[in-house]
Amino acid sequence: MISQLSWKIGGQQGEGVESTDRIFSTALNRLGYYLYGYRHFSSRIKGGHTNNKIRISTKPIRAISDDLDILVAFDQESIDLNAHELCSGGVIVADAKFNPTVPEGVDAKLFPVPITSIAEELGTSLMKNMVASGASWALLGLPLEVFNKAVQEEFGRKGQAIVDKNIEAVKRGADFVLELAGGPLDQFKLEPADGKQKLFMIGNDAIGLGALAAGCRIMSAYPITPASEIMEYLIKKLPKFGGTVVQTEDEIAAITMAIGSNYAGVRSMTASAGPGLSLMMEAIGLAGMTETPVVIVDTQRGGPSTGLPTKQEQSDINALIYGTHGEIPKIVISPSSIEECFYDTVEAFNLAEKYQVPVIVATDLQLSLGKQSCEMLDYNKIQIERGYIVKDIPDREDKSMFNRYAITENGISPRVLPGEKNGIHHVTGVEHDESGRPSESTVNRKRMMDKRLRKLDDLKITNPIHLHAPHTEPDLLIVGMGSTGGTIDQARLRLNGEGITSNHMTVRQLHPFPTELIMAEIKKAKKVLVFENNATGQLANLMKLHCGNHDKILNALKYDGSPFLPSEVFEECAKAAGYKPHEELVQNGNL
Amino acid sequence: MATFKEFRNNIKPNWCPGCGDFSVQAAIQRAAANVGLEPENLAVISGIGCSGRISGYINAYGLHGIHGRALPIAQGVKLANRDLTVIASGGDGDGFAIGIGHTIHAIRRNINITYVVMDNQIYGLTKGQTSPRSGEGFKTKSTPEGSIESTLSPLELAISAGATFVAQSFSSDLKQLTSLIEQGIQHEGFSLINVFSPCVTFNKVNTYDWFKEHITNLDTMPDYDPSNRTLAMTTLMDTGSMITGLIYQNKQKKCYEDLIHGFKPEALVNQSLALSETEFDNLVAEFR
């Protein structure tokens, strides 16, 4: 019995790769397995190779695996491109239609299943996905009833006849492969899962759900990969709660509309990726200057310009922190798990209103789109805190305006919403006085700049960093953000095994930078290795800027569009720690 | 009920003496009082430019945003609080150059706000450069040999984009302008009111006298039917858009807010934010 395995399906974009993966993994989730998905896709609708990989485990996992156990292929290209990942003795389930062959040098068993013909016999080649997932399921020897229930739910609304046909497709795929293999394969017999109820979702779903729970009722956004799922989720849900999504003409309209709604008192957000964020920069400055709360999600993808729109990168850090001209208070947080995508979105709305600032939630493509298991979300952890909003303002003798921007000790001034009697004030991106009236006075300018900037002096957010720090003097402090955390966790298991001590830090609060907390961890470690998906080491540079220790902080960079693999993290860490695997292995008698 | 004086504040506009924008400010204040608003129920959202300062000169809620973006901000305000009367305002550079994309889409979207453009055919605040509204051959600091680009016809554009209320006026005609703004506020949908508002400092061509000479007032044409879209378009084309009055109104089309699925008559800002535990559980269950 094994505790984990990896499964991949490959084919042409648009021929059922996504749906095969969805049904197969939904059924696994029902059984209580932990899942972690990775989508390889291109910026086109139909055609071009695409593949989805999932890792299935009896324990929590948050990383893709280095190798592969089962490859399901709809075409020879999928075999040629992916077979090298198969571990020795791995299995290829391929459509017999194209006379599949195993590439030279690959030690894998091939099961040609007439996937297309079975589907066509049942009425439509669209059911290829059912035949393929049925065959996969059967090889694992998992109970067919659970799978059929998932099929029932997927197709139930289309009528029982359709459900029955799909269930038949599953059965035929299963029967055929079992006949070839002589029954379920022992090597893929998974230990039973813990059976605990889990959610199975992408980061963008969790952000959308978090926004709803936070009381966000208007989202204005422009479609972009990999952010669109957030607006697509919310347009389905917001009308049930009186709100709406407006698909705007561009990202400038998206952010300014959200600023308008927030000014008028409704929690509103926008979401985009690099190109859209670049367009929003001027307006983010307006939100900072007018002290209007707004939440912006940046699902980072490969830049610059159009860059690699469907690939992983974490290269917007500098833009998010330093973007917009002039100087404003701003908060940038970076969730590193599906659970955090949810809770951080809720917190982002609270922070935006508490500090009256723009708050950016920065994910990355792998976190936003990688479908994975998520612990049950806790309703009781949702708190809506609206900050300093004043109502029922007493009459004033004079006709003076309300001091919306009153100088206060912590810099946070009373906010009043349009419609409130006696609260009229002016709001402008021009430097202004306490009532919002434009002012160019040098004295006023300094007072207002100081007031705005000191709002974040005592910023308190939950968990500015996440720390797994079992060692007081580790060989390595391994640092990451966003989706890299799970991969680092996994590599650390191997590092431990090799006797390399490491602490692991995930930076959640990117701005303002939690210098003291991070400094303390840097001090303890012999070396600091920062893993990030960009070419210039933006996170490492932030650490050096705030914490010094330039000699100690080392870069581990990957910017080819794909996330780190656990083996890559291990090797970088081993190298940084001065570990010589060959000698050690010889000494241990393993070579 | 508030009088127009209650929409005044004690801030002295930084417009040049004789600027057309003074009358536009007065017309908005009068129209707001005439339709029975209280200052706190009005939000004036403006862009950048001389005219963009208008939100600071009216005693009402307001936001002076960034160049060209008054409309998306104003639409956001209105969606959040349907009880507010929202007037967006700015110049021809703001609405027809940098912000033209937003103008067209705000027209298409048809949210119930009123957009008053102070059109002086030039950039005033940056001291005299060409605008999309400048006439061909118009000499400015940025077109020393005369403008070689076509003059934009925003009202034709508006009608073709599906506008439900299109009007034009002249800042000297305070009575007509006030009445059109009132009608714009009362129109249930997006209303565009373009106002010839002469720049006395930088535009020596399109002066008060020039406008008086060239404008035809539709109010003097009893047969004109503003519900006729084709007539509106041909009249604009035939006159080179040199007409004032209500040019086109479609009273049948519902505004955006009334078409949004699930959107309630009660202002969103006054609705409860929190999800009940059952609602939350149902949302979560979809991911099992």
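Scan the range B:27-53 residue by residue and report those that are surrounded by fewer than 24 Cβ atoms within 10 Å (Cβ to Cβ) and on the phi > 0 side of the Ramachandran plot. Across the range B:27-53, the qualifying residue is only B:GLY36. Across the range A:209-233, the number of residues qualifying as free of Cβ contacts under 8 Å to residues at least 40 places away in the same chain and either among the acidic types (Asp, Glu) or closer than 30 Å to A:ILE56 by Cβ (or both) comes to 4.
Every listed requirement among (1) more than 19 Å from B:CYS199 (Cα to Cα); (2) buried (at least 24 other Cβ atoms within 10 Å of the Cβ); (3) within 14 Å of another protein chain (Cβ to nearest Cβ) is met by B:ALA167 save one, (3).
Residues considered: B:ALA167, B:ALA158. Of these, the only one that is on the phi < 0 side of the Ramachandran plot, modelled with pLDDT of 95 or more and part of a strand (DSSP E or B) is B:ALA167. Of the candidates A:GLU229, A:GLU282, the single residue that is more than 8 Å from every other protein chain (Cβ to nearest Cβ), in contact with a helix residue (DSSP H, G or I) (Cβ under 8 Å, 6 or more places away or on another chain) and in a helix (DSSP H, G or I) is A:GLU229. Where strands (runs of 3 or more DSSP E) fall entirely within the range A:494-550, those with at least 3 residues that are out of contact with any Ser or Thr (no Cβ under 6 Å at 6 or more places or on another chain) are at A:502-507, A:527-532. Candidates B:ASP119, B:ASP94: the one that is acidic (Asp, Glu) and more than 14 Å from chain A (Cβ to nearest Cβ) is B:ASP119. When the test is whether a residue is in a loop (DSSP other than H, G, I, E, B), among the charged types (D, E, K, R) and at pLDDT 95 or above, B:GLU188 passes it. When the range A:239-255 is filtered for residues that are among the charged types (D, E, K, R) and more than 7 Å from chain B (Cβ to nearest Cβ), only A:GLU251 remains. Taking the criterion of being within 23 Å of A:ALA193 (Cβ to Cβ) and either hydrophobic (A, V, I, L, M, F, W, C) or free of Cβ contacts under 8 Å to residues at least 60 places away in the same chain (or both), the residues of the range A:46-70 that qualify are A:ASN52, A:LYS53, A:ILE54, A:ARG55, A:ILE56, A:SER57, A:LYS59, A:ILE61, A:ALA63, A:ILE64, A:LEU68, A:ILE70. For the range A:261-279, the criterion of being at pLDDT 95 or above, closer than 21 Å to B:HIS261 by Cβ and part of a helix (DSSP H, G or I) is met by at least one residue.
Being at pLDDT 95 or above, crowded, with 24+ Cβ neighbours inside 10 Å and β-branched (Val, Ile, Thr) is a condition met by no residue of the range B:94-101. Residues that are in contact with a Phe, Trp or Tyr (Cβ under 8 Å, 6 or more places away or on another chain) and either under 21 Å from A:LYS198 (Cα atoms) or β-branched (Val, Ile, Thr) (or both) within the range B:251-274 are absent altogether. Taking (1) under 27 Å from B:ILE113 (Cα atoms); (2) surrounded by 14 or more Cβ atoms within 10 Å (Cβ to Cβ); (3) within 14 Å of another protein chain (Cβ to nearest Cβ) in turn, B:GLY262 satisfies each apart from (2). Going by the structure shown, is B:SER55 in contact (Cβ under 8 Å) with a residue 40 or more places away in the chain and hydroxyl-bearing (Ser, Thr, Tyr)? No, not satisfied. For A:LEU35, the criteria (1) crowded, with 19+ Cβ neighbours inside 10 Å; (2) out of contact with any helix residue (DSSP H, G or I) (no Cβ under 6 Å at 6 or more places or on another chain) hold in every case but one, which is (2).
Residue count for the range B:1-25 under the criterion of being farther than 17 Å from B:ASP119 by Cβ, surrounded by 11 or more Cβ atoms within 10 Å (Cβ to Cβ) and of a type in the set (A, V, I, L, M): the result is 2.
Here's a check for you: in the range A:232-247, which residue that is touching a Lys or Arg at 6+ places or on another chain (Cβ under 7 Å) and in a helix (DSSP H, G or I) is surrounded by the fewest Cβ atoms within 10 Å (Cβ to Cβ)? Going through the qualifying residues, I end up with A:PHE241. Of the candidates A:PRO304, A:PRO329, the single residue that is away from every other protein chain (no Cβ under 14 Å) and either β-branched (Val, Ile, Thr) or under 20 Å from A:PHE41 (Cα atoms) (or both) is A:PRO304. The residues of the range B:274-288 that are within 7 Å of chain A (Cβ to nearest Cβ), farther than 26 Å from A:SER25 by Cα and surrounded by fewer than 19 Cβ atoms within 10 Å (Cβ to Cβ), listed by number, are B:ALA274, B:GLU277. Taken over the range A:24-49, the residue count meeting the criterion of being over 20 Å from the mean Cα position of the chain (by Cα) and away from chain B (no Cβ under 14 Å) is 7.
Only residues that are touching a Phe, Trp or Tyr at 6+ places or on another chain (Cβ under 6 Å) and more than 18 Å from B:VAL195 (Cβ to Cβ) were counted in the range B:211-228, giving 0.
The values are calculated or read from the model by the stated rules, or taken from the named source; none is laboratory data. Keep in mind that what you see is a predicted model, and the values were worked out from it rather than measured. In this analysis, Cβ positions are derived from the backbone assuming ideal geometry, glycine residues included, and neighbour counts consider all displayed protein chains.
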